[in-house]
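J.: There's a structure below that I have some questions on.
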């Protein structure tokens, strides 16, 4: 199986002034073409470091993709690094200089002297057209491996990859294998519980391999199937997908790019039911998540961010005495908020959320992270008390997703 | 000069299912401590690859930071990799198991059998406390170099880095050069306008160097000063900071980690004034941004997400005839929403936002991206009509930030 390695060049990446999104993009694209990435490197703008890294990468992979360092300034030395690695000189290409000059004249700009260096590429290499900028890409074969240099600017890199590389690499991927990835998103338990439930299915070396990532309480299982052709991979994915869904039951809320808010919204639309939300500690985040979804006005009509006690009383009809007796962070307050929202908006469901997001305001009885969530409907009320960990941001996100998940489970009945 | 290398472990990083933000974060932190990062590596979840990469990194740097692969599942093999690299066995630490069990019992949860592996670290290494999760970190010295393993979950990684690593590494950075970075955040114009205003100040090779990044309409200038000591760097930063602020005026809303919502909130608190928000197309995002800030209950009392027309009429007293005549996306509706929110909540300011976030619902007269924003106070009303470009997510974020920025400019008067 052909493998790839990715090298990102740039001091600004090492210093963290820029997050490296290029490597992730290329990793995804290559994987979808059946070419797994086995390593990524980030190096500074120095010729000898680039040479050393090229040799490491070539030792691990058949295809080495390099991004960055093709610009016109003195700190751009990727072309010099590749030439030195290949043991050749840089060669002037008059047709490249013409293309670069045209880029400027087409924009009524004068080409700077500095840009001339971009017309040089290693002897024996092929230039790749840049439709969006001045830096041509470079493709070369050396020692039986393929080397591709792409610009560091993400839009230019993506365009060049799609235009000049996909087809070429598609051929090297051809006849080898197809890799298909499907994601299953779970909510409502921890990573280790899911790993225990899946047991041997998650062992390394299995095909499909099942990877697990966690973000904001959402646990995502990535089923990565490798097969000779698409139908083979599809079949393997389908088999695992059913088995995982069987084992995990209603812990799984969706697949691939689906969000909890989307799944809940689709169910509400299907049932022709509506929702109102009364938020305190989540401060509008549940409304934001619901309305991230286009067309959410079909089922979401109104939300309140009753941040002060007065607002809870005035807007949602929460009893003042109730807050005095039990506090604004209490099961009683959450129930009254959910009911108040539902009745006032005239919807089928009302969600009420109140809690302590921190960093201040916690006590022994009511610690930071304590959140009450209520899903209220005529004749039925679901109530949960949670203690979420981590920081304010996480507590708020977890509480918002937990509220949507409670409604999801309610809608499945 | 002491140097660092960063290794990120995880198949999901190689496959691009996750963008590697950890390496950028650590690169920034290390640079601010005077420790440049010379290389970053990403490797898959395999013991022998981790061992090989550790030896490359140790060949280039004095301090090797590893993130990821400390979880409880079978694909988490960083601890095994470090032990094999050091030529030692994994050692069970009963105090770690106790801490991990306590993490679960403190949350009324049962610890899974799988979590026990997290109580093992290489013989001779030191465990680092994880205040936010179950995976302890690891610190070890080997061959005169320092090795640090941190969790892959960004929040846990950051917390552990700040709590356990900064002080230790701060000592190793001492006496070298000092790099200080200060950020200025601007809102209300484009990147090229700012670049033109700054001119020669932004040239490469200058010290401090000024880099520019853009995110969600916020333009951030990074002033990066390098000097022999802290006071020298501080002086350079201070000079540039004043000059940039002088040139950019009220385009600059804040510095370093300040958000627009924080700046607006601090001003409201200082003036002892209060705010209510009526949102339509932003769906709760303004409330979310305001309440991201701890203590925002001091000035933010109530928000409405009046997503349906009925909710605008019923909750905010928007005239039904006005909506019929001008539409829900109109200057008139935004004014009525802002005034309704302010009067109903009894606050000093009311914000009203209505627009078309897309992807559907646009027309020639009212295109996707059209947003009306109003900041209402007794005797003064600021009204803006915007047409934001890009996708739904971007339009909603831009509209929310523009609303906060209008209030910021209002509060400076």
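Every number in this text was worked out from the coordinates using simple rules, so none of it is lab data. Bear in mind that the values here come from a model prediction, so they are computed numbers and not experimental data. Ideal geometry is used to build each Cβ from the backbone, glycine not excepted, and the neighbour counts take in all protein chains shown.
J.: Round to the nearest 10 and give me the degree value, 0 to 90, for the angle of helix B:94-105's Cα axis relative to the longest principal axis of chain B.
T.: Once rounded, the angle reads 20 degrees.
J.: Another question about this same structure. Expected output is a single nm value to one decimal: the length gained when fully extending between residue A:298 and residue A:168, i.e. 0.36 nm times separation in residues minus the C-alpha distance. What is it?
T.: Numbers: separation 130, 0.36 × 130 = 46.80 nm, distance 4.62 nm.
That pair, residue A:298 and residue A:168, stretches by 42.2 nm at full extension.
J.: Provide, in order from the shortest bin, the percent of all Cα-Cα pairs of segment B:4-173 in each 10 Å bin, continuing until the bin that contains the maximum pair distance.
T.: Histogramming segment B:4-173 at 10 Å steps yields 10, 42, 37, 10, 1 percent.
J.: Hey, another quick one. Please compute the contact order of segment A:260-412 in relative form: average sequence separation of alpha-carbon pairs under 8 Å and at least six residues apart, divided by the residue count, as a percent. Don't skip to the answer; put the middle values down first.
T.: Values: 308 pairs, mean separation 37.8, N = 153.
Dividing the mean separation by the residue count of segment A:260-412 yields 25 percent.
J.: If you count, for every residue in B:291-298, the Cβ atoms of partner chains within 10 Å of its Cβ, what is the mean?
T.: Working: counts 12, 7, 2, 6, 3, 2, 7, 0.
If you average over the peptide's residues, the count of other-chain Cβ atoms is 5.
J.: If each residue of separation counts as 0.36 nm, what is the full-extension length gain between residue A:228 and residue A:123 once their alpha-carbon separation is subtracted?
T.: Full-extension gain reported as 34.1 nm.
J.: Given a cut-off of 29 Å, what percent of all Cα-Cα pairs of chain A lie beyond it? Walk me through the numbers before you get to the answer.
T.: Numbers: 50245 of 85078 pairs.
For chain A, the fraction of Cα-Cα distances above 29 Å is 59 percent.
J.: Ordered by packing density, taken as the mean number of other Cβ atoms within 10 Å over each peptide's residues, highest first, how do A:388-398, B:206-216 rank? Intermediate values should be presented prior to the final figure.
T.: Numbers: A:388-398: 20.2, B:206-216: 15.1.
Ranking, from highest mean packing down: A:388-398, B:206-216.
J.: Could I ask something else about it? What average count of beta carbons from other chains do you get within 10 Å of the Cβ of residues in A:196-205?
T.: Details: counts 6, 1, 2, 2, 1, 0, 3, 2, 9, 1.
The shielding value for this peptide is 3.
J.: If we hang a label 7 Å off Cα along the beta carbon direction at residue A:196, how far is it from the matching labels on the other copies, in nm, shortest first?
T.: Label-point separations across copies, in nm and ascending: 6.4.
J.: Using the alpha-carbon atoms, what tilt in degrees (0 to 90, nearest 10) does helix B:230-248 show relative to the longest principal axis of chain B?
T.: In chain B, helix B:230-248 runs at an angle near 20 degrees to the longest axis.
J.: Here's a follow-up. Using the per-residue mean of other Cβ atoms lying within 10 Å as a proxy for protection, in what order, highest first, do the peptides B:60-66, B:185-191 fall?
T.: Details: B:60-66: 23.0, B:185-191: 17.6.
The peptides rank, most packed first, as B:60-66, B:185-191.
J.: Take peptide A:53-60, look around each residue's Cβ out to 10 angstrom, count Cβ atoms belonging to other protein chains, and average those counts. Display every interim value, and only then the final one.
T.: Working: counts 3, 0, 0, 4, 0, 0, 1, 3.
Per-residue shielding by partner chains comes out at 1.
J.: Got the relative contact order for chain A handy, in percent, Cα pairs under 8 Å and 6 or more residues apart?
T.: Averaging sequence separation for qualifying contacts and normalising by length gives 10 percent for chain A.
J.: Taking neighbour Cβ counts within 10 Å as the exposure measure, how do B:281, B:335 sort from fewest upward?
T.: Sorted ascending by nearby Cβ count, the order is B:335, B:281.
J.: Kindly give Rg over Rh for segment A:260-412, based on alpha-carbon atoms, with the Kirkwood expression for the hydrodynamic radius. Before the final figure, lay out the partial values.
T.: On the way: Rg = 14.3 Å, Rh = 15.0 Å.
Value, to two decimals: 0.95.
J.: Could I ask something else about it? DSSP beta bridges in chain A, what fraction antiparallel, as a percent rounded to 5? It would help to have the intermediate numbers written out before the result.
T.: Values: 44 of 70 bridges.
Once the DSSP bridges in chain A are tallied, antiparallel ones form about 65 percent.
J.: Another question, if that's okay. Take residue A:384, project a point 7 Å from its Cα along the Cβ direction, then tell me which residues of segment A:264-298 have their backbone nitrogen under 14 Å from it.
T.: Once the point is set 7 Å along Cα→Cβ of residue A:384, A:264 turn out to lie under 14 Å by backbone N, inside segment A:264-298.
J.: Using the eigenvalues of the Cα gyration tensor, what equivalent ellipsoid semi-axes result for segment A:324-373 when each is taken as the square root of five times the eigenvalue, whole Å, largest first? Mind dumping the intermediate values first?
T.: Details: eigenvalues 117, 23, 10 Å².
In descending order, the three semi-axes are 24, 11, 7 Å.
J.: Same structure, new question: I'm a student and want to see the number: the projected area of the Cα convex hull of segment A:214-329, averaged over all directions, in nm². Working shown, then result.
T.: Values: hull surface 41.2 nm².
The directionally averaged projection comes out at 10.3 nm².
J.: Which distances, shortest first and in nm, link residue B:108 to the matching position in the other copies, using label points set 7 Å out along Cα to C-beta?
T.: Values, ascending and in nm: 6.9.
J.: What is the distance in Å between the Cα centres of segment B:217-272 and segment A:341-408?
T.: Comparing the Cα centres of segment B:217-272 and segment A:341-408, I get a distance of 37 Å.
J.: I need the P(r) histogram for the protein assembly as shown: all alpha carbon pairs, bin width 10 Å from 0 out to the longest distance, whole percents.
T.: Percent of pairs per bin, in order: 2, 12, 20, 24, 22, 14, 5, 1, 0.
J.: How many nanometers, to one decimal and shortest first, lie between the label point of residue A:270 and those of its other copies, if labels sit 7 Å from Cα toward Cβ?
T.: In nanometres, ordered from closest: 5.3.
J.: Restricted to Cα positions, what overall size does segment B:178-255 have along the principal axes? Three whole-Å values, descending.
T.: Rounded to whole Å, the extents work out to 36, 23, 22 Å.
J.: What percent do you get for the relative contact order of segment B:4-173 when only Cα pairs under 8 Å and 6+ apart count?
T.: On the way: 317 pairs, mean separation 38.6, N = 170.
With pairs under 8 Å counted, the relative contact order is 23 percent.
J.: Take the Cα coordinates of segment A:340-413, assign each an equal point scatterer, and use the Debye formula without solvent to give log10 I(q)/I(0) at q = 0.14, 0.17, 0.21 Å⁻¹.
T.: The computed values of log10 I(q)/I(0) come out as -0.47, -0.65, -0.88.
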